[in-house]
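The values are calculated or read from the model by the stated rules, or taken from the named source; none is laboratory data. Computed from a prediction, not measured in an experiment: that's the story for all the values here. Please note: Cβ atoms are built from the backbone with ideal geometry, for glycine as well, and neighbour counts cover all protein chains shown.
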Amino acid sequence: MIPDPIAAFPALATTQDPPAADLRAAAERMETGFLAEMLKSATPNQASSAFGGGAGEEHFQSFLHHAQAEEMVRAGGIGLAETLFRAMRERIGE
């Protein structure tokens, strides 16, 4: 079952007529989150070495994944944001 995109952003459900820009931004945030998780899963687990990133490496790696995902979405993404945008716009009847 496909999750309800409006349920992910309850503020949109209560707004009378959210502008298309707000819907597109929400869809792009959702695609960014999805891509960041995919990048996290695709990153190989590397054994610690003398030149490893230390204790904070894992935390900072998530920032890198998020930044990479944002750039991917800015460059056109994988089409998920557009699909979500259209679904949310249909759902609210815009």
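Is there any pair with a first residue in the range 68-91 that is surrounded by 15 or more Cβ atoms within 10 Å (Cβ to Cβ) and a second that is of a type in the set (S, T, N, Q) and not in a loop (DSSP other than H, G, I, E, B) whose Cβ atoms are under 9 Å apart and which are 6 or more apart or on different chains, and what are they?
A69/T32; E70/T32; M72/T32; V73/T32; G77/T32; A81/T32
Pull up the range 50-66, narrow it to residues that are exposed (fewer than 13 other Cβ atoms within 10 Å of the Cβ) and not in a helix (DSSP H, G or I), then point me to the one that is modelled with the highest pLDDT.
Ranking the candidates gives G56 first.
Scan the range 25-41 and give yes if some residue there is modelled with pLDDT under 75 and of a type outside the set (G, A, S), otherwise no. Reasoning before the result, please.
Within the range 25-41, the subset modelled with pLDDT under 75 is none.
No.
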